[in-house]
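Let me begin by presenting the structure, written as structure tokens, before commenting on it.
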Amino acid sequence: MSKKSRTILICVLISLFFLITPILILYSQGYRFDFNPPDGGIKITQTGGLFLKASPKNVEVFLDGRLEEKTSFFFGSVYINNLLPKKYNIQVQKEGYNVWEKNLEVKEKEVAEAKNIILIPKNLELQILNKGVEDFWILSENKIILKESAFAEASADKDEWALKIFNLENNLKSHLISEKEISKKEPELLELKISPNGERVILKIGLKEQLEHFILDLTESPNKLISLDSLILEPDIEKLDFHPEEPSIIFYFKDGDLFEADLSKRAENGSQCVLKGLLTYKILENSIYYIDESGYIFKNNLSFEFEEKMSNSPFSLKQETKYELKVEQGFIFILEDKNLYLFNPETKNFEKIFEPVKEIKISPDAKKILYFNEHEIWILFLEAQTEQPRKEALSKQFLTRFSEKIDDVFWFNPHYLIFNLESKIKVIEIDERDKINDYDLCSEIKKLNWDNKNKNLYLLTEENVLQFSSLTYF
């Protein structure tokens, strides 16, 4: 090769080096040519990424209809990098499950995240626990109380009800109490309340035009039935609550006064008035919150020794209006009929959040509260949410609206809800970016209860069949 040829070759190689090296550097830093930018032409742009985490694990991830990755078997996550800035249609799929789909925007030098993807089974396997059930209540981790229609031999012209305890571990059912054991006056079960330790049950019974309250002691065999109205000598009790730590003590509310009753003592010695002139109250752990008849809110312990006035000015009260006090994770709410108010600790006054509201429930991570009415579901973020989608503390989010009636709503986990819409059971995510994914689980359901601790779903059908399912990957 001549000297001139060598010189030309070296010059070409040097030129290529100075041309390619910047391109390689830019490529390593995430720069790419975008041949289809929104404003047309060709431009150099920095890429972004996409991070997904899904349950169950090992699912397929499609971007714009093309299979891109599978989530890892161990962590259930996937990171896809070097994506041009734009919106991507994302589908997460697994055989036997409903598809999760959302359009998310990937921006320059940023990672779009969806860390709480749950795939819902297409066919929920339901186990029939018992037939002929009218209602049910969760008693403990492995026991539920059933209200059954029990044919009474002594009165062949009517069906009587009975309460049974169903053990989920061995599928055995034991007798709790029957209608005839309570009264011969055709008693109607109006309410059932279980103590915090699951050892006692309060029964609110209607006897034609009269109300009576009973306690069932489940620690004794046979179960001991105690008539509270005769024991504490107070008819027409409005509300009953268990002491959270003292099994023998109950609180009852009547005509604006709160009484404490010790069931281990005689009636004339076991009951005393502890607070007067209350509008409503709420017992939480070892504290009691209450609103007096002037509208001020107080906090006290259950020994009633350290009363603390929490509000600067009284809550404006309305005559012949139902009030309910709720305390969740240090936040205090008032339900005034269907109006929801939140106590502001800075101004020490209540501020209206929303209306109409049927019920509120705190999330399992204690960071959010759902509130709903017969047709809408909303979320209130109690603290700032730093992961995507980001939320400010005390921000409100409208989730969904239905023309059908919403009966009850539960937190499925901190990022999904389960609820019954008339006779259908649905699951919905709270990530409102793009479309909100919601799924039908089953239909013809009369009642549901979700045990978040043990991941058990209890259902009552129109055919009076109690059903149960375990969804352990939630």
Test L278 against the stated conditions and say whether it is in contact with a His (Cβ under 7 Å, 6 or more places away or on another chain) and either of a type in the set (S, T, Y) or within 30 Å of S227 (Cα to Cα) (or both). no
Matching entry among Y97, Y79 (being hydroxyl-bearing (S, T, Y), modelled with pLDDT of 90 or more, touching a Leu at 6+ places or on another chain (Cβ under 9 Å) and more than 13 Å from V61 (Cβ to Cβ)): Y97
Please go through (1) under 14 Å from Q329 (Cβ atoms); (2) in a strand (DSSP E or B); (3) at pLDDT below 95; (4) among the hydrophobic types (A, V, I, L, M, F, W, C) for F412 and return the number of the only condition it doesn't satisfy. (1)
Suppose we filter the stretch 94-139 for residues that are acidic (D, E), exposed (fewer than 14 other Cβ atoms within 10 Å of the Cβ) and more than 27 Å from D64 (Cα to Cα); how many remain? 1
Out of E220, E209, E238, sole residue that is among the acidic types (D, E) and in contact with a strand residue (DSSP E or B) (Cβ under 8 Å, 6 or more places away or on another chain): E238
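Here is a yes/no grid of residues against (1) in contact with a helix residue (DSSP H, G or I) (Cβ under 9 Å, 6 or more places away or on another chain); (2) over 25 Å from N98 (Cα atoms); (3) aliphatic (A, V, I, L, M):
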| position | (1), (2), (3) |
| --- | --- |
| L342 | no, yes, yes |
| I369 | no, yes, yes |
| I379 | no, no, yes |
| Q385 | no, yes, no |
| F419 | no, no, no |
| K435 | no, no, no |
Of all residues being more than 31 Å from the chain's Cα centre (by Cα) and not hydrophobic (A, V, I, L, M, F, W, C) in the stretch 269-290, which is modelled with the lowest pLDDT? Just the residue, please. N269
Considering only residues that are surrounded by fewer than 19 Cβ atoms within 10 Å (Cβ to Cβ), of a type in the set (S, T, N, Q) and at pLDDT below 85, which ones fall in the stretch 444-465? N452, N454, N464
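Residue by residue, here is whether (1) surrounded by 14 or more Cβ atoms within 10 Å (Cβ to Cβ); (2) at positive phi; (3) modelled with pLDDT under 95 holds:
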position	(1), (2), (3)
L370	yes, no, no
L382	yes, no, yes
E387	no, no, yes
A393	no, no, yes
R401	no, no, no
K424	yes, no, yes
I436	no, no, no
Residue identified as of a type in the set (S, T, N, Q) and without any contact (Cβ under 8 Å) to a residue 60 or more places away in the chain among N449, N373: N373
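Determine which member of the set E160, E191, E169 is modelled with pLDDT of 90 or more and either among the hydroxyl-bearing types (S, T, Y) or out of contact with any Leu (no Cβ under 7 Å at 6 or more places or on another chain) (or both).
Numbers: E160 fails: modelled with pLDDT of 90 or more; E169 fails: modelled with pLDDT of 90 or more.
Answer to the selection: E191.
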Condition first: small (G, A, S), closer than 21 Å to F73 by Cβ and touching a residue at least 60 places away in the same chain (Cβ under 8 Å). Can you find one or more residues in the stretch 105-125 that meet it? yes
Check every one of the strands (runs of 3 or more DSSP E) wholly within the stretch 291-398 and list those with 2 or more residues that are under 18 Å from the mean Cα position of the chain (by Cα). 323-328, 331-336, 359-362, 368-372, 376-381
Select the strands (runs of 3 or more DSSP E) contained entirely in the stretch 157-253, then report the ones holding at least 1 residues which are β-branched (V, I, T). 159-167, 172-178, 188-194, 200-207, 210-217, 224-227
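Could you grab me the full set of residues in the stretch 44-70 that are without any contact (Cβ under 8 Å) to a residue 40 or more places away in the chain, more than 14 Å from E105 (Cα to Cα) and not acidic (D, E)? Walk me through it before giving the result.
Within the stretch 44-70, the first condition is being without any contact (Cβ under 8 Å) to a residue 40 or more places away in the chain, and the residues that meet it are 44, 57-58, 60-70.
Then keep just the ones that are more than 14 Å from E105 (Cα to Cα); that gives 44, 57-58, 60-62, 65-70.
Answer for the stretch 44-70, where residues must be without any contact (Cβ under 8 Å) to a residue 40 or more places away in the chain, more than 14 Å from E105 (Cα to Cα) and not acidic (D, E): I44, K57, N58, V61, F62, G65, R66, L67, K70.
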Subset of the stretch 331-381 [under 27 Å from E238 (Cβ atoms) and out of contact with any strand residue (DSSP E or B) (no Cβ under 7 Å at 6 or more places or on another chain)]: D337, K338, P356, N373
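The values are calculated or read from the model by the stated rules, or taken from the named source; none is laboratory data. Note that the structure is a prediction, hence the values are computed from the model and not measured. Glycine gets a Cβ as well: all are built from the backbone with ideal geometry, and neighbour counts include every protein chain shown.
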